[in-house]
Structure formats: structure tokens, C-alpha cells
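Heads up, the thing below is written out as C-alpha cells.
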Amino acid sequence: MAPEAGAGGATADPAALARSQHFPEAAWSDDGILGGRLRLLQPRRGHRFGHDAILLAAATPALAGERAVELGSGVGAAGLALAWRVPGLRLTLVEIDPALVRAGAENAARNGLGDRVVAVRLDVAAPAAAWAEAGLSPGVADRVLMNPPFNDPETLSASPDPARRRAHVAVSQGEIPLLDVWVGAAARLLRPGGTLSLIWPAAGLGPVLARLSAGFGRIAIAPVHGKDGQPAIRILVRATQGGRAPLALLPGLVLADAAGRPTAAAEAVLRDGAALPLAAP
């Protein structure tokens, strides 16, 4: 079948045609992150990336030639921000929603990262055999980063949108808490000495430390404050597979001053792609 013709009889670009079919403008927006350094397609409805993804990327250590895996990657905001910051990093985006898997691959390609980024459809709770079929055997990763769903379904009115609900609400797998499932998957993927980076509500620090106490060490934590002088709203955590160094509590990041203006430190991370101290290898 011949390619479709565009206006005036011109032949349409097949790649552009496929893109318009998979990502119609009515359902997908084209948004910039890192001050426009990356352009990402994302659904107009459902879960949309925000500061958490960029903070997670900024807190993840990585070096050229290493392999990183982002769990629950959505359209790839955190993983692609990390790959942009670290030239030569190989990245696998793991996502359960097929539309978001396609978007992650498209976003990698359109930002010049397609040669070192792979997007796969996989449930984080899938059995080990499914991970191996996707090229993710035990010990394959140097770095794992993740922003798991964390809202309690017992206390939160969940969104009626299925994609948004899946991205935000922590539903246990049988009798296993969701955090245990995600940390367990990360532990299986990481080589000895590899690192897990995650972002989580500050009020949930206790469960995070309890879960990481088995198999992880050299844990470092940096609180994130919405405004100067207010309690932390998020924690950024880095833990090392098999590490033995004591826990370190690092200086926090303040996103806005008392008047609501972004701080210079926040601007450096969110707009310029600067790394946080947690990202030191």
C-alpha cells in the first residue's frame, strides 16, 4: 500500500503518520521538562508527570556505560531525565500500561535517546520468568529508580480514571504490601553494590526504612520541603544492595521560599537538570 499523501499531494512521513495515530493531539499533550531541554508526550487525562519525577532523576547516581531500570516509568519522565544527564547510560523503562510504554519509546526517540533506551511492558509484580523474557534477569542493573504508588486506598478517595488510580494508589498484591513488591523487584534486578533510588511521602519514612533494612545498606535520605520552614513533604532515598555503611541524613531541598518563589536550588534541579548530593556515586 502506498504512503498517504499530505496537503498538495506531498507524501506524508510514515513515522509522523504513525505518531499522529498513536498520539492524537486531542488525547496527548507535548510538554517540556528541564527548562524545555526534553519534550515529552503525555496523556491529557490520567496521571501526568510533575516535580517528583525530576527530583527522582536528580537523586539517582549513574555513570556512563551503566544500566539503569525505572520501575513504573509512565511516559519516561524520570528515566529520560536521568539518561539526558548521564551520557552513555543505558536505560530500560518498565511500565504496565501499553499506551504509556509506546509513549516512553517515542519520547526517547524524539529526544535523541532512542539508541540507549528500551521501553518494555511488564507488571512490577510479574514472576521472575516474565522479567527474564524482557531481558531483565537478576543482577542486570547497576541502578534502579522508582516512584511507586503510595496513596492509601482506605483513606483516599481514588480517582475514577483507571490510569491515574493505578499510578497513585498503593494496592497490595495479595497479602504483600505494594512497597515490598517494588523493593523486592529492585533487589532482584540490582547487582551487588548497585543502588536503588526512590521518592516517597515524608510521613512514610518508617516503613521505607523497615523494608530496606533487609538486604540494603548505606542508606542516605534527603527531605524535600514544599516551602521554607515547613515540614518535609517527600523523602528522597538512596540505598545500596548489600551496603553496610550507617544511615546518612543529608541536607534537605526547599522548593519555594516563604513567599512562594522557587528557590535557586530548586530551579537548578527542576529547570537546569542539576544533580542532588544523593546522586554522588
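Summary of computed values
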quantity: Selection count where residues are open to solvent by 20 Å² or more (accessible area, probe 1.4 Å) and either within 18 Å of GLU66 (Cβ to Cβ) or among the charged types (D, E, K, R) (or both), scope region 130-146; calculated: 7
quantity: Residue tally, condition open to solvent by 30 Å² or more (accessible area, probe 1.4 Å), out of contact with any Ser or Thr (no Cβ under 8 Å at 6 or more places or on another chain) and closer than 19 Å to PRO251 by Cβ, over region 210-227; calculated: 2
quantity: Those residues of region 255-270 which are out of contact with any Lys or Arg (no Cβ under 6 Å at 6 or more places or on another chain), part of a strand (DSSP E or B) and closer than 17 Å to ALA222 by Cα, in sequence order; calculated: LEU255
quantity: Selection from region 191-202 of residues that are open to solvent by less than 10 Å² (accessible area, probe 1.4 Å) and either closer than 19 Å to LEU55 by Cβ or in contact with a Cys (Cβ under 7 Å, 6 or more places away or on another chain) (or both); calculated: THR195, LEU196, SER197, LEU198, ILE199
quantity: Enumeration of residues in region 49-66 that are touching a residue at least 12 places away in the same chain (Cβ under 8 Å) and assigned to a loop (DSSP other than H, G, I, E, B); calculated: PHE49, ALA59, THR60, PRO61, ALA62, LEU63, ALA64, GLY65, GLU66
quantity: Index of the failed condition, ALA274 passing every other in (1) open to solvent by 70 Å² or more (accessible area, probe 1.4 Å); (2) touching a Lys or Arg at 6+ places or on another chain (Cβ under 9 Å); calculated: (1)
quantity: Meets criteria (surrounded by 14 or more Cβ atoms within 10 Å (Cβ to Cβ), modelled with pLDDT of 95 or more and at negative phi) for ARG188; calculated: yes
quantity: First in region 213-233 and closer than 23 Å to VAL183 by Cα, second anywhere and among the basic types (Lys, Arg), Cβ under 6 Å, 6 or more apart; calculated: GLY217/ARG244; ALA220/ARG238; VAL224/ARG234
quantity: Identity of the residue in region 228-270, of a type outside the set (A, V, I, L, M), modelled with pLDDT of 95 or more and touching a Phe, Trp or Tyr at 6+ places or on another chain (Cβ under 9 Å), that ends up surrounded by the most Cβ atoms within 10 Å (Cβ to Cβ); calculated: ARG234
quantity: Test: residue in region 202-219 that is among the charged types (D, E, K, R), closer than 24 Å to PRO281 by Cβ and part of a helix (DSSP H, G or I); calculated: yes
quantity: Selected residue (only one of ALA27, ALA64 is over 14 Å from the mean Cα position of the chain (by Cα), open to solvent by 50 Å² or more (accessible area, probe 1.4 Å) and among the aliphatic types (A, V, I, L, M)); calculated: ALA64
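For every residue, the table says whether it meets (1) touching a residue at least 40 places away in the same chain (Cβ under 8 Å); (2) open to solvent by 50 Å² or more (accessible area, probe 1.4 Å); (3) of a type in the set (A, V, I, L, M, F, W, C).
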residue: LEU71; (1), (2), (3): yes, no, yes
residue: VAL75; (1), (2), (3): no, no, yes
residue: ARG85; (1), (2), (3): yes, yes, no
residue: VAL94; (1), (2), (3): yes, no, yes
residue: ALA109; (1), (2), (3): no, yes, yes
residue: LEU113; (1), (2), (3): no, no, yes
residue: VAL118; (1), (2), (3): no, yes, yes
residue: ALA128; (1), (2), (3): yes, yes, yes
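The values are calculated or read from the model by the stated rules, or taken from the named source; none is laboratory data. Quick caveat: nothing in here was measured; it's all calculated off a predicted structure. Heads up, the Cβs are rebuilt from the backbone with ideal geometry, glycines too, and the neighbour counts pull from every protein chain shown. Calculation scope for accessible area: heavy atoms of the full protein, side chains included, ligands and nucleic acids excluded. Shrake-Rupley method; radii C 1.70, N 1.55, O 1.52, S 1.80 Å.
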